[in-house]
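Remarks on the structure that follows.
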Amino acid sequence: MRLLAWLPLAVSLPAAAADLRVPSRIDAVTVYRSSARVTRVARVDLPAGDARVLLEGLPRELDDDSIRVEGKGVAGARVFGASVEPITRAEAVAPEVRAAERRLEGLQDEDRALDDRVKQARARIQFVESLRSTYSDERARNLAVRGVRSGEWADLAGFVDAETGRAGGEVRKAESAKRELARRIAAARADLDKLNAKRGETTKTVALELSAERAGSLELHVSYSVPSASWQPVWDARLLPETSAVELALLGSVRQRTGEDWADARLALSTAEPARGLWVPQLESRWLQRAQPVAPLPRMMGAAEGLAAKAGRAERGVVAASVPEEKALEAPEAEATMGLLAATFTAPRRETVDGAGRARNVALARYTLKARLERTAAPRVDPAAYLTAVASNDTGVPLLPGLARVSVGDELVGRAPLPLTPPGGELKLAFGADGRIEVERRVLDRRHETAGLISKDEVWSYRIRTSVKNRYGAPATVRLLDLVPVSRDEAIRVTLLDGGTPATSEDPERPGVKTWELSLGPRQEKVVELRYEVRYPRGFPIQGLE
């Protein structure tokens with residue numbers, strides 16, 4: 001029999017229902033961008049009739065309204081509801097606290113006993129020393145009456161030395177034992193402090209109200225949501241220039257601070273955002289009316305700060321096999337499922353993520369995309385030509401936004417943002433400056449003159465030459481960018497002059513920015529000339545000239 005229920009809060013069963021406290025373990029976790037759904041498994045032997053099954057020690061941040069219960073077994077059980085009860089751990093840890101207090105008191109008693117041994121041994125040393133001094137004084141006063149044999153002095157010295165040595169040895173032993181005992185006392189006191197700190201902690205207990213037709217076993221799957229969990233995509237992008245391909249390795253960096261470890265759990269990472277909320281946009285009517293004068297408000301300027309995940313990547317290596325043939329280290333991939341609105345990656349094995357917030361990187365996927373290599377140069381701001389790979393996302397899943405560690409072959413060249421790329425979308429990824437494409441931009445002529453017979457105009461004429469050299473022994477394509485200033489005032493006129501190299505295209509979103517698509521043969525050089533003039537009335541203030 002299988003039972004399934006979505007349970008906000010429960011209706012109470014009769015008071016005669018038996019309370020069954022059963023252990024549970026975390027079996028599966030689905031992590032979202034800012035929360036997680038945890039599924040616990042518990043096995044219980046149900047008696048016939050009503051019973052309350054208690055799952056104790058659950059995290060305090062558990063969302064009470066997110067409890068969901070599934071189960072199957074031979075008991076023929078029905079679930080009537082669930083309730084969530086916050087529990088302070090003071091009573092739960094009280095026996096452990098008392099035991100820790102007894103251990104600490106016993107160690108302190110041992111320490112006091114060692115103190116007594118040290119005092120006794122030192123008192124014996126003091127007594128022996130005083131005995132030797134008293135005997136020496138008495139014999140010195142009566143020396144004329146009775147002489148002192150040499151053996152008598154030797155016996156006295158031997159007795160004093162023996163007693164002093166024995167007592168000193170006991171002092172050293174006791175002090176050594178005290179040092180070791182001090183460490184044990186410090187550890188016992190730390191354990192007691194931890195237990196006392198737990199007295200104020202709060203956990204939650206989920207009470208499931210069941211009714212069984214007959215006695216028998218039941219396996220329960222109880223899931224709930226917790227907010228203190230998240231994951232971020234981490235990319236490793238590797239360009240293979242020989243094959244014009246880009247290898248993308250996706251890892252998920254998982255963190256959680258729920259206070260409980262996810263030990264040996266089936267881990268899935270989802271792009272869904274359940275904490276975002278759902279809404280449908282609506283439009284309100286827009287009314288036109290006579291404008292009323294409004295006093296201008298002071299302009300406020302703000303700064304935005306972007307967040308990026310640290311990039312990481314599994315290092316490649318070779319492992320020795322049990323057979324003579326060596327095999328490369330493999331990277332298992334997660335199972336990717338594309339739903340209607342989100343993608344889910346299920347890790348290839350069970351994973352453990354501790355509850356203290358330490359990141360756990362999980363290998364999710366590896367893709368190889370056929371790419372088109374381009375070089376882009378804007379020598380007006382930077383003389384380097386930057387290598388870019390352009391590829392189509394034919395993976396069937398979205399490529400999530402994140403920071404990528406970028407390599408060309410086996411050489412790390414830096415880090416670059418990888419944008420969100422839907423299935424079928426175009427991915428552009430920068431791989432750094434290409435030193436074998438040389439770009440040089442020179443202003444050959446910058447001439448100023450006055451023109452006009454009646455009304456005088458100021459005229460600035462420019463002649464700019466850019467040379468691009470391909471140092472490769474193979475063809476290369478370079479996108480060269482430059483610009484012509486754009487007038488915002490009808491009194492300022494900008495005109496392209498004859499003799500320049502016609503641009504291949506102009507960016508419609510950035511007026512004045514022109515592009516030349518240059519196809520260079522092996523070790524070939526091409527030259528692009530840009531000629532233009534700027535004309536405006538004499539005495540007219542202007543800014544923005546090169």
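Where a number appears in this text, it was derived from the coordinates with a stated rule and is not lab data. Remember, predicted model here, so these are calculated numbers, not experimental data. Counting neighbours? That spans all protein chains shown, and the Cβs are built from the backbone with ideal geometry, glycine included.
Structure notes:
- For A157 and T352, the FRET efficiency from 1/(1 + (r/R0)^6), where r spans their Cβ atoms and R0 equals 60 Å, is about 0.30.
- Sequence-separation-based contact order of segment 437-537, relative, with Cα cut under 8 Å and 6+ spacing, percent: 37 percent
- Over all other residues within a Cβ to Cβ distance under 14 Å of A48, the charged ones net out to -1, with Lys and Arg as +1 and Asp and Glu as -1.
- With R₀ fixed at 56 Å, the C-beta to C-beta distance from K119 to T202 puts the FRET efficiency at about 0.70.
- Taking a ≥ b ≥ c as the square roots of the eigenvalues of the Cα gyration tensor, segment 454-504 is classed as prolate, since a/c reaches at least 1.5 and a/b is larger than b/c.
- Cβ crowding within 10 Å ranks F159, F431, F80 as F159, F80, F431, fewest other Cβ atoms first.
- Here S211, S225 are placed in order of increasing Cβ neighbour count within 10 Å, fewest first, which gives S211, S225.
- Gap separating the Cα centres of segment 30-93 and segment 414-485, nearest whole Å: 64 Å
- Each residue, E247 and E440, gets one label point 7 Å from its Cα in the Cβ direction; the gap between the two is 3.9 nm.
- Among the listed pairs K72/K204; K456/K526; K428/K469, a Cα-Cα separation exceeding 27 Å is found for K456/K526.
- By average C-beta atoms within 10 angstrom, highest first, the peptides 490-498, 124-132, 537-545, 249-257: 249-257, 124-132, 490-498, 537-545
- Taking label points 7 Å from Cα along the Cα-to-Cβ direction, A342 and L373 give a separation of 4.0 nm.
- Spatially proximal aspartates and glutamates relative to K119 (Cα-Cα < 12 Å; intrachain offsets below 8 disregarded): E170, E175
- Cα-based reach from K370 at 17 Å (exclusive), listing aspartates and glutamates while leaving out same-chain residues under 8 positions away: D236, E242, E247, D394, E426
- Residues of segment 486-503 with amide N under 19 Å of a point placed 7 Å along Cα→Cβ from R538: 491-493
- Spin-label model distance (nm) - N361 vs H448, 7 Å beyond Cα toward Cβ: 5.6 nm
- Each peptide in 416-424, 68-76, 28-36 receives the mean, over its residues, of other Cβ atoms within 10 Å, and ordering these scores from highest gives 28-36, 68-76, 416-424.
- Estimated FRET transfer efficiency when R0 is 56 angstrom, pair S505-E326 (beta carbons, to 0.05): 0.65
- At the listed q of 0.11, 0.12 Å⁻¹, the Debye profile of segment 437-537, built from one uniform point per Cα, gives log10 I(q)/I(0) equal to -0.42, -0.48.
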